[in-house]
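This report refers to the structure that appears directly beneath it.
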Amino acid sequence: MKFSKSGDIYNALKINAIAESAGIKCQVGCMSESRFALTALMHFVLACKNVVHYDMDSSLMLAIDPVTGGIQYRGKGKWILEDAVGIGADFNEDILNNMESVTV
């Protein structure tokens with residue numbers, strides 16, 4: 001499952017429930033998301049025992065990481081998530097303010 005393809009966390013929960021009731025294990029993945037979205041995804045994984053495989057490497061390919069807190073990569077496929085308020089991630093406003101902005 002990918003939040004960006006399932007629509008949102010609520011729909012992903014429904015998909016997971018259907019799979020779980022059928023005895024089908026699930027995998028989550030990502031599509032160029034930052035650590036902010038991956039932190040939400042990690043909370044989903046930890047809340048759903050039926051999710052047994054994870055592809056959560058998209059933030060490692062981004063040139064700039066605008067996220068503070070949240071999940072942290074420790075190498076060899078290991079991510080950690082520390083106790084924090086909310087999902088535990090926020091945005092570094094200095095980085096965001098210095099990024100290119102395009103108005104359409």
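Each reported figure results from applying straightforward, stated rules to the coordinates on display, with no laboratory input. All values reported here derive from a predicted model rather than from experimental measurement. Here the Cβ is made from the backbone with ideal geometry for all residues, glycine too, and neighbour counts use every protein chain on show.
Give me the pairs, please: first residue somewhere in region 82-100 and within 15 Å of R35 (Cα to Cα), second residue anywhere and in a helix (DSSP H, G or I) and among the β-branched types (V, I, T), beta-carbon distance under 8 Å, and either six or more positions apart or on two chains. Between residues of region 82-100 that are within 15 Å of R35 (Cα to Cα) and residues that are in a helix (DSSP H, G or I) and among the β-branched types (V, I, T), the close pairs are I87/T39; G88/T39; A89/T39. For region 59-81, the set of residues classified as touching a residue at least 24 places away in the same chain (Cβ under 8 Å), touching a helix residue (DSSP H, G or I) at 6+ places or on another chain (Cβ under 7 Å) and closer than 19 Å to I95 by Cβ consists of S59, I64, D65, P66, V67, G70, I71, listed by residue number. Against the numbered list (1) closer than 29 Å to N98 by Cα; (2) polar (S, T, N, Q); (3) surrounded by 12 or more Cβ atoms within 10 Å (Cβ to Cβ), S32 comes up short only at (3).
Counting just the residues of region 55-100 that are charged (D, E, K, R) and not in a loop (DSSP other than H, G, I, E, B), which one comes out nearest to the chain's Cα centre (by Cα)? Looking at the filtered set, the residue picked out is D90.
Assuming A17 fulfils every condition listed in (1) surrounded by 14 or more Cβ atoms within 10 Å (Cβ to Cβ); (2) assigned to a helix (DSSP H, G or I); (3) not acidic (D, E) apart from one, which condition is it? All conditions are met except number (1).
For region 42-54, residues that are touching a residue at least 24 places away in the same chain (Cβ under 8 Å) and part of a helix (DSSP H, G or I) total 4.
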